Structures are given as C-alpha cells and as structure tokens.
Amino acid sequence: MNKYELALVVNAKIEDEARTATVEKVKEYITRFGGTVTNVDEWGKKRLAYDIQKMREGFYYFITFESDSNCPNDVEQNVRIMESVIRYLCIRQDA
C-alpha cells in the first residue's frame, strides 16, 4: 500500500452543504476504488494565486489516503469531471 495526498480546491461560491457533499463524494470514490482515507485536512477559504473561471477564492482540502497504485488514477478521472472542484492534485508521499 502506498500513501497519497489529494489536494482539492473547491468552488467558494457554492453552499456549505454542497461543499461538504463534494468532499464526501471524493472520499467515497477513494474507498470505492480500494483506498482507505486516513485524514482530511480542511484549510478553509483562501485566496487563489490567480483567477480561475473569474473566481478569486476557493476552499482548500487535503485528503491523505492509502491505496494501491491504480486507485489515484481512477479517483482523478472522477474528480476531473466534478463541477464544484476547481483544481486538484494527487501526489504519492515518500516513506
């Protein structure tokens, strides 16, 4: 099992319930594809480095999980098409 960290930037203009549902959906994708979520770190609302889709702010989430090497690709395919996610990045953490 490898350790991964998924960084999400979620649209700041959506409601709190929708934002929470987005994070829960991503966690559901991780478990569906064989991973186990170990930690969810919410950084809150932060200013973006540059405007994305005319937005200046976004909510930052960092999800750490353990899985085999196929899980991050499957999760990224599903996160890519989520409308409420502005940006994402999944990286493997070294031991």
Report task. Could you list, in sequence order, all residues of the range 83-95 that are open to solvent by 40 Å² or more (accessible area, probe 1.4 Å) and assigned to a strand (DSSP E or B)? Result -> Arg87, Tyr88, Leu89, Ile91, Arg92, Gln93
Requested in this report: Determine if the range 62-82 includes at least one residue that is assigned to a strand (DSSP E or B), modelled with pLDDT under 95 and polar (S, T, N, Q).
Outcome: yes
Query raised in the report: Looking only at the range 12-47, which residues are assigned to a helix (DSSP H, G or I), of a type in the set (A, V, I, L, M, F, W, C) and farther than 21 Å from Ile91 by Cα?
Result: Ala18, Ala21
Report summary line: The condition from (1) in a helix (DSSP H, G or I); (2) open to solvent by 80 Å² or more (accessible area, probe 1.4 Å); (3) basic (Lys, Arg) that Lys3 misses is numbered (1)
**Report entry** In the range 6-30, the residues that are open to solvent by 50 Å² or more (accessible area, probe 1.4 Å) and either in contact (Cβ under 8 Å) with a residue 12 or more places away in the chain or of a type in the set (Val, Ile, Thr) (or both)
**Finding:** Lys13, Thr20, Lys25, Lys27
Query - the range 45-81, subset of a type in the set (A, V, I, L, M) and more than 13 Å from Lys27 (Cα to Cα), residue most open to solvent (accessible area, probe 1.4 Å) - result: Ile81
Report summary line: Within the range 37-51, residues farther than 14 Å from Leu8 by Cα, touching a residue at least 24 places away in the same chain (Cβ under 8 Å) and among the hydrophobic types (A, V, I, L, M, F, W, C) come out as Val37
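The values are calculated or read from the model by the stated rules, or taken from the named source; none is laboratory data. Predicted model, so just to flag it, every value in this text is computed and none were measured. Note: ideal-geometry Cβ built from the backbone for every residue, glycine included; neighbour counts use all protein chains shown. For accessibility, only protein heavy atoms count, side chains too; no ligands or nucleic acids. Shrake-Rupley method; radii C 1.70, N 1.55, O 1.52, S 1.80 Å.
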